[in-house]
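Take a look at the structure set out below.
The values are calculated or read from the model by the stated rules, or taken from the named source; none is laboratory data. All values reported here derive from a predicted model rather than from experimental measurement. As a convention, Cβ positions derive from the backbone with ideal geometry for all residues, glycine included, and neighbour counts pool all protein chains shown.
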Amino acid sequence: QEIVADGKHIKVTVNGKVIVDANLDKAAPDGKSIDGKEHPGLTRKSGYLRLCGHGGGVQFRNMRIKVLEE
C-alpha cells in the first residue's frame, strides 16, 4: 500500500491499483465531509499522521515515511 499526501491531493494505491485519488478542497468545499460534520483537520497544513481500521484491531509493519520533493 502507498499513501501520497501532496498538499490537498491524496492518493492511495493498494496492490498496484489506485483506490483513492482526491483533492480535499473538492471533496469538502465547505469544510464539512459527506457526514455533514465539520472536520478542522481538512484545513491544516501540518500535523500528525494517523492510520486506523474500521472496527477490529489493525497492525502495520515495514512502514516508511518520505518527505516529498518541493
Would you check which residues across segment 42-59 are under 16 Å from the mean Cα position of the chain (by Cα) and either of a type in the set (A, V, I, L, M) or surrounded by 10 or more Cβ atoms within 10 Å (Cβ to Cβ) (or both) and list them? LEU42, THR43, LEU49, LEU51
For segment 4-22, name all the residues that are in a loop (DSSP other than H, G, I, E, B) and over 18 Å from VAL67 (Cβ atoms). ASN15, GLY16
What number of residues within segment 29-45 are under 21 Å from LYS11 (Cβ atoms) and either among the basic types (Lys, Arg) or modelled with pLDDT of 80 or more (or both)? 2
From the residues in segment 23-38 that are part of a helix (DSSP H, G or I) and among the aliphatic types (A, V, I, L, M), which one is nearest to VAL4 (Cα to Cα)? LEU24
LYS66 - would you say it is surrounded by 10 or more Cβ atoms within 10 Å (Cβ to Cβ), at pLDDT 85 or above and not hydroxyl-bearing (Ser, Thr, Tyr)? no
For segment 23-37, which positions are over 20 Å from GLU69 (Cβ atoms) and either under 12 Å from the mean Cα position of the chain (by Cα) or of a type in the set (A, V, I, L, M, F, W, C) (or both)? LEU24, ALA27, ALA28, ILE34
Residues being of a type in the set (A, V, I, L, M, F, W, C) and surrounded by 13 or more Cβ atoms within 10 Å (Cβ to Cβ) - total across segment 5-41: 6
